[in-house]
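Single-structure report; data block below.
The values are calculated or read from the model by the stated rules, or taken from the named source; none is laboratory data. Given the structure is predicted, the values throughout are model-derived calculations rather than measurements. Glycine also receives a Cβ, built like all others from the backbone with ideal geometry; neighbour counts cover every protein chain displayed. Surface areas here come from the heavy atoms of the whole protein model, side chains and all, with no ligands, DNA or RNA. Shrake-Rupley method; radii C 1.70, N 1.55, O 1.52, S 1.80 Å.
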Amino acid sequence: MTDGAVVVVGGTAGLGKEVARHYAQADREVVITGRDPTRGSTVAAELGGKTTELAFDLSKPKEIAPALEGVGDLNTMRSYDIDEAIALVTLKLVGYTEVVHALLDRLHDDSSILIFGGLAKERPYPGSMTVTTINHGVDGLVRSLTAELKPIRVNALHPGIVEDSPFWVGKTEALDAHRNRTTTGRLVQMQEVVDVAVLMLENLSIAGAEFRVDAGWSMPY
C-alpha cells in the first residue's frame, strides 16, 4: 500500500468517493469505477491529481461494462423476486470476486483489499433477507480470499447509517430513528468511515478482519 494504484470500486459517490479523495490528496494514482462513464469522468476531474476512471457493472462480471439500473435491496419472503435476488447476489459476491480476479496479476505481496458490506447482517429488517444474507457472505468471501491470496491482506468494513452520506439527505425521520438506537446518541460520519478504511488498507497486521463502524447501533440492548 505504499505505492502502486489505489482502485476504488464504486468510487464515484458516497463513501467510495471519499476514500478515493483521501488517496488523491495523498498524490497516489487512483482509479475509480462506477456504472456511469460520464459521472466517472466528472468525479475524476473533481478529485484531480492522478485520478482516472473506468466504467463497468459488477452485476455483469462476464461483461464488466453497461450500467445496471434499478437493483433494489428490499426482497421479502412473501413477495420474493428471484431475478432481483440473483442480481444483488451477483453484484456483491460474484462481482467483487471477479474484480479481484481481473486484477490478480497486478497485485503484489503487500497489496491490500477492502470489501464493504453492511450491518443488515447484524439486524435484519423486513425485506432485508437477500442483503442480510449477502453481507454475511462478504465475511465468508473475505476469509476465503485471505486464505487463498496470502500474504495479500483482505478485510471487510461494515458501516452503519452514515448521516452525511448523499443517500440519507432529507431522510430526517429515518436518521432520528437510527440515532435513537445507537449507544452513543450520534450517527456515523463519512470521514470516520474513511479513517477506518485507510487504517484497514494500510495497517500491515490487519488481515481477515471484519470491522463495524456504527456508533454502537448493532449492540444488543
### Task
Would you confirm whether any residue within the stretch 138-149 is in a helix (DSSP H, G or I) and closer than 25 Å to Thr184 by Cα?
no
#### Entry: Contacts under 6 angstrom Cβ, first residue in the stretch 98-126 being within 20 Å of Met190 (Cα to Cα), partner open to solvent by 50 Å² or more (accessible area, probe 1.4 Å) and among the charged types (D, E, K, R), 6 or more apart
none
### Tabulated pairs, the stretch 24-49, first open to solvent by 30 Å² or more (accessible area, probe 1.4 Å), second assigned to a helix (DSSP H, G or I), C-beta under 8 angstrom, 6+ apart or interchain
Gly49/Ala24; Gly49/Gln25
### Task
Being open to solvent by less than 50 Å² (accessible area, probe 1.4 Å) and either at pLDDT 95 or above or in contact with a Gly (Cβ under 8 Å, 6 or more places away or on another chain) (or both) is the filter here, so list the residues in the stretch 150-184 that pass it.
Ile152, Arg153, Val154, Asn155, Ala156, Leu157, His158, Pro159, Val162, Ser165, His178, Thr182
### Task
Return yes or no: is Ala147 closer than 20 Å to Thr97 by Cβ and open to solvent by less than 20 Å² (accessible area, probe 1.4 Å)?
no
#### Entry: Counted residues, the stretch 86-110 - those being open to solvent by 60 Å² or more (accessible area, probe 1.4 Å) and either of a type outside the set (Val, Ile, Thr) or part of a loop (DSSP other than H, G, I, E, B) (or both)
7
### Restricting the stretch 81-96 to residues that are of a type outside the set (D, E, K, R) and in contact (Cβ under 8 Å) with a residue 40 or more places away in the chain, the residue that is nearest to Leu114 (Cα to Cα)
Tyr96
### Leu54 at pLDDT below 85, under 25 Å from Thr97 (Cβ atoms) and either touching a Gly at 6+ places or on another chain (Cβ under 7 Å) or part of a strand (DSSP E or B) (or both)
yes
